[in-house]
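Step one of this worksheet: look at the structure below.
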Amino acid sequence: MTKATTLEKSPTSIMKSLKALLPLLFLSQAVVSNSNSCKCLYGQSCWPSSDTFNSLASKLSQPLIRPLPPASPCYSLIPEDAPACSEAQANAHNGTWRSGVPGAYENSNFEAYIFPNNTVSACYFNTTLGGTCGQGSVPPLGVDARSPEDIQAAVNFAREHNLKLVVKNTGHDYLGRSAARDAFMIWTHHMKSIDFHDDFAPEGAPDTEKHEAVTLGAGVQWSEAYAAAAAQNKYVVGGISDTGSVGAAGGWILGGGHSAFSGKFGLGVDNVLQFTLVNAKGEHVTANAHTNPTLFWALRGGGGGTFGITTTVTYRTHPIVPVTVALASVNFTSPDAAQRGITEYIHTHVTLSDNQWGGYSFLTNSTLFFGYFAPNVSLPDANATITPLFDVLKEVGEEGTVTQLIPVESFYALLNLQVPNPAGPQVGNKVELSSRLLSRDTALNRAEETARTLLSLDFVAINYVGGGAVLQADPESAGLNPAWRNALAQVYIAEDWQDGDSADTIHAAQQRLRENTAILDRISTDSAAYLNEASLHEVDFKKAFWGPHYNRLKKIKNSVDPTGLFVVPRGVGSDDWDEEVVCRV
């Protein structure tokens with residue numbers, strides 16, 4: 001695995017590679033001065049000296065890191081770096097590998113940077129394109145945090161020196177909030193503690209309040225959490241992704257945390273019992289329903305990188321239950337057949353919600369694929385629920401249409417099913433998303449119109465992660481957009497581009513995303529979106545991501561972080577900053 005180089009005890013070959021890359025690493029924005037209204041960036045006169053950073057390093061458990069783009073070994077002139085290049089190329093689409101490289105992001109477009117003059121700084125795996133390896137938006141310096149004390153030291157340092165700060169866990173982020181050019185990084189990936197509790201009592205709770213729970217360190221990923229929970233014969237609500245590399249105690253939960261089993265058990269924010277985090281003052285604090293309840297409210301859906309840096313998250317656990325899996329793969333015989341099939345598909349979500357199903361699907365104007373899960377539902381009951389939809393899909397699909405029910409003993413057995421992803425590799429791509437929430441009312445009363453809208457788009461994905469228990473929670477119980485409490489699913493669209501594409505090509509893709517978002521908006525209520533899988537170019541991000549909760553969230557943000565140490569693109573409070581969240585406006 002490619003690792004970040006350290007400031008001390010680095011292998012000779014790595015140091016030689018760094019020397020070859022120094023001209024690229026030291027390129028910075030053409031700014032040489034700074035004022036209190038702007039964050040301090042690498043290369044500016046305000047950037048701390050080597051001696052100052054050495055003083056910080058003396059307080060840390062690990063050497064400071066200098067993150068590099070993951071393809072950087074492929075540009076080295078040192079023969080000894082060839083194996084590192086081969087490893088990086090082989091794992092370019094591997095989420096677990098990427099999450100272990102501090103300079104790698106799950107979506108590689110966020111490793112690049114577009115200058116105002118439309119030149120692109122990037123480091124492509126496709127070295128045949130020519131050019132050099134640019135640092136892009138990968139922060140040039142950071143802290144490999146292994147403990148709350150490491151984070152406290154780094155936060156205090158960043159605050160004292162007014163540094164542009166980013167927090168990175170796994171780099172699973174469709175808005176690039178854990179990347180920023182010339183910033184200072186706090187990397188929490190190695191905080192891997194997992195502790196189970198039979199009678200967890202949140203701090204400050206009455207003696208009678210006890211929960212079966214699990215406490216996860218900031219760097220734990222869902223594959224690790226699931227493996228540990230399975231060994232304890234327990235289930236914890238979490239995300240699903242290729243290789244299970246999404247972080248379980250970072251941006252996923254802070255943005256709301258959807259799951260294919262949310263219909264049965266609720267969203268992540270409905271299952272979290274307690275956070276511990278380092279705030280902007282450098283204090284290690286606890287937030288739950290009894291201690292710092294206002295902060296607890298904000299953390300549950302207010303977004304990552306905004307209110308502090310989580311060190312642990314404690315979730316309630318659930319018994320393991322059997323699951324019935326419903327699979328369908330359909331090629332429609334005609335546009336009219338597609339309209340009929342997708343109309344029935346949308347309308348069926350109401351019934352599925354009543355029965356606490358969930359899952360994932362993809363559709364084009366001629367195809368539909370889905371894998372849906374019915375937790376603790378018997379095969380006969382699942383068959384009775386899904387058969388009306390299956391019957392319609394068989395009528396409107398070409399020969400070879402697949403409709404299938406598969407009983408599995410648990411969610412963990414489900415993870416072992418080999419189900420192809422029609423959308424291709426999930427990570428290592430250059431992609432931007434936009435999303436809207438599909439409400440129960442829309443699915444019930446506007447299924448035909450919704451189907452027509454979705455079929456007008458080239459590609460649509462539907463994460464069926466609402467309904468059921470999600471609808472039962474009080475809309476005011478968490479900072480999450482209250483539109484979730486009437487949502488059955490999250491619908492998203494995407495645009496992508498390739499290595500070496502020009503800024504004009506990238507901007508054109510982003511413009512198509514804006515235009516298609518306007519089309520997708522027809523299915524939504526109040527333009528509500530899932531903020532973890534959304535667009536940087538949202539017309540009104542405050543309305544889309546948080547709805548009527550935004551003003552309260554911003555008030556809380558300003559009270560716990562008055563100087564704006566933690567600020568991310570399209571995050572709470574970012575409306576007070578420029579587009580790169582570097583200078584106040």
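The table below lists the values:
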quantity	calculated
Difference of contour (0.36 nm per residue) and Cα-Cα distance, N126 to Q511	136.1 nm
Given charges at beta-carbon only (K, R positive; D, E negative), |dipole| of the chain in Debye	1140 debye
Relative contact order (%) - the stretch 423-547, alpha-carbon pairs under 8 angstrom, separation at least six	39 percent
Dipole-positive endmost among A374, A213, T243 within the chain (Cβ charges, Cα centre)	A213
Semi-axis lengths, Å, the stretch 174-322, gyration tensor of Cα atoms, sqrt of 5 times eigenvalues	23, 20, 14
Value of [θ]222 nm, deg cm²/dmol, for the chain, DSSP H segments ≥ 4, -39500 (n - 2.57) each, nearest 500	-8500 deg cm²/dmol
Shape category assigned to the stretch 191-244 from the gyration tensor of Cα positions, a/c cut at 1.5	prolate
For the stretch 167-232 and the stretch 509-536, distance of Cα centres in Å	29 Å
Dipole of the chain [Lys/Arg +1, Asp/Glu -1 at C-beta], most positive-end residue of I342, C46, T96	C46
Cα-based Rg and Dmax for the stretch 478-544, where Dmax is the largest Cα-Cα distance (Å)	13.6, 42
Rounded to 10°, Cα long-axis angle of helix 503-520 versus longest principal axis of the chain	30 degrees
Accessible surface of the stretch 427-508 [probe 1.4 Å, protein heavy atoms]: carbon and sulfur percent	44 percent
P(r), alpha carbons of the chain - 20 Å bins starting at zero, rounded %	21, 55, 23, 1
Whole-angstrom Cα spans of the stretch 446-585 along principal axes, big to small	47, 46, 21
1.4 Å probe accessible area per residue over the chain, in Å²	38 Å²
Nearest-ten-degree value, helix 222-231 long axis tilted from longest Cα axis of the chain	60 degrees
Whole-number D in µm²/s for the stretch 125-251 (Stokes-Einstein; Kirkwood sum over Cα pairs; 4 °C, 1.567 mPa s)	76 µm²/s
Full-stretch length increase - E283, E209 - with 0.36 nm per residue and alpha-carbon distance subtracted	24.0 nm
Overall dimensions of the stretch 300-425 as given by Cα atoms, namely Rg and Dmax in Å	17.4, 54
Reference-scaled alpha-carbon Rg (2.2 N^0.38 Å with N residues) for the stretch 418-506	1.35
Dmax and Rg, reported as Rg then Dmax, of the stretch 528-585 (C-alpha, Å)	11.1, 29
Gained length - N416 relative to A518, 0.36 nm times residue gap less alpha-carbon distance	32.9 nm
Rounded if a/c under 1.5, otherwise prolate or oblate - the stretch 235-291, Cα gyration tensor axes	oblate
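The values are calculated or read from the model by the stated rules, or taken from the named source; none is laboratory data. Note that the structure is a prediction, hence the values are computed from the model and not measured. Virtual Cβ from ideal backbone geometry, glycine too; neighbours counted across all protein chains shown. Calculation scope for accessible area: heavy atoms of the full protein, side chains included, ligands and nucleic acids excluded. Shrake-Rupley method; radii C 1.70, N 1.55, O 1.52, S 1.80 Å.
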